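A short worksheet on the structure shown next.
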Amino acid sequence: MRIGIMGGTFDPIHTGHLIIAQEVGWQLKLDRVLFMPAANPPHKQRQQVSPDYCRLEMVRLATAGNPLFEVEPLELERAGLSYTADTLEILRQKLGPEERTSLYFIIGADAAADLLSWYRPARVLELVKLAVVGRPGYTLTLDKLQAGLPRLNLAEHIIQVEVPLIEIAAHEIRTRVQQGAPITYLVPAIVEEYIHREKLYLD
């Protein structure tokens, strides 16, 4: 079994997330891609985030109907800060031993370049392979990361995947909602309906 993990605050989930997950799933021949909304990410402590149930529901709505996609609420069910290493250890226990299940953590090149600042980055790479997708303006080079993680051969732990570069940012969607600008095609239609119905992102 080959399982991808797509983490994020998903506030809101948008078309770019879905395209990336579909493309990585296809290229890496994944059996499933788990969308895992973050509960309390350490790097976003000062950012106001929509309620957990709203973000989870938007992910469920956006991924419904695609047999490759599943929703994993594990982080939302835990207390405290959401450290990737801790989450992946719990997920590994839940999914079974490595010889039965290979995990691929899908992240952008900008996040991968910042890997050394993560909590227990070596442990993250012991638990999963990183499926790194391109981001406009970012080129990931492994030299700096390799120097910071000398025990690991990063070429065996990091896979760079070329995907269509769709420049959509969640913060821009939130701003457009506040301004009354259209978000059609930036998010799935059913997510757009949910945002307007629940009056999300309005002051």
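The values are calculated or read from the model by the stated rules, or taken from the named source; none is laboratory data. None of these values were measured; they are calculated from a predicted model. When we count neighbours, we look across all protein chains shown, and the Cβ atoms used for this are built from the backbone with ideal geometry, even at glycine.
Can you find a residue in the range 143-155 that is within 22 Å of T9 (Cβ to Cβ) and modelled with pLDDT under 95? No, the range 143-155 contains no residue that is within 22 Å of T9 (Cβ to Cβ) and modelled with pLDDT under 95. The residues of the range 141-159 that are under 21 Å from G4 (Cα atoms) and among the small types (G, A, S) amount to a single one, A155.
Kindly provide the set of residues from the range 6-23 that are aliphatic (A, V, I, L, M) and buried (at least 23 other Cβ atoms within 10 Å of the Cβ), ordered by number.
Selection gives M6, I13, I20, A21.
In this structure, is N40 more than 20 Å from I3 (Cα to Cα) and of a type outside the set (F, W, Y)? So N40 passes the test.
The residue that is nearest to Q27 (Cα to Cα), among those in the range 156-176 that are in contact with a helix residue (DSSP H, G or I) (Cβ under 6 Å, 6 or more places away or on another chain) and of a type in the set (A, V, I, L, M, F, W, C), is V161.
The residues of the range 61-84 that are buried (at least 19 other Cβ atoms within 10 Å of the Cβ), of a type outside the set (A, V, I, L, M, F, W, C) and assigned to a helix (DSSP H, G or I), listed by number, are T63, E75, T84. Of all residues in the range 146-203, those satisfying the criterion of being polar (S, T, N, Q), touching a Leu at 6+ places or on another chain (Cβ under 7 Å) and farther than 22 Å from Q22 by Cβ are Q146, Q178.
Take the residues in the range 1-33 that are in contact with a His (Cβ under 8 Å, 6 or more places away or on another chain) and closer than 20 Å to I195 by Cα, then tell me which one is modelled with the highest pLDDT.
F10
A single member of L81, L68, L74 is more than 14 Å from L34 (Cα to Cα), of a type in the set (A, V, I, L, M) and within 17 Å of the chain's Cα centre (by Cα), and it is L81.
State yes or no: is I20 hydrophobic (A, V, I, L, M, F, W, C), in a helix (DSSP H, G or I) and under 22 Å from I166 (Cα atoms)? Judged against the criteria, I20 is a match. Being part of a helix (DSSP H, G or I) and modelled with pLDDT of 95 or more is not true of M36.
Among the candidates I166, I173, the residue that is under 19 Å from the mean Cα position of the chain (by Cα) and modelled with pLDDT under 90 is uniquely I166.
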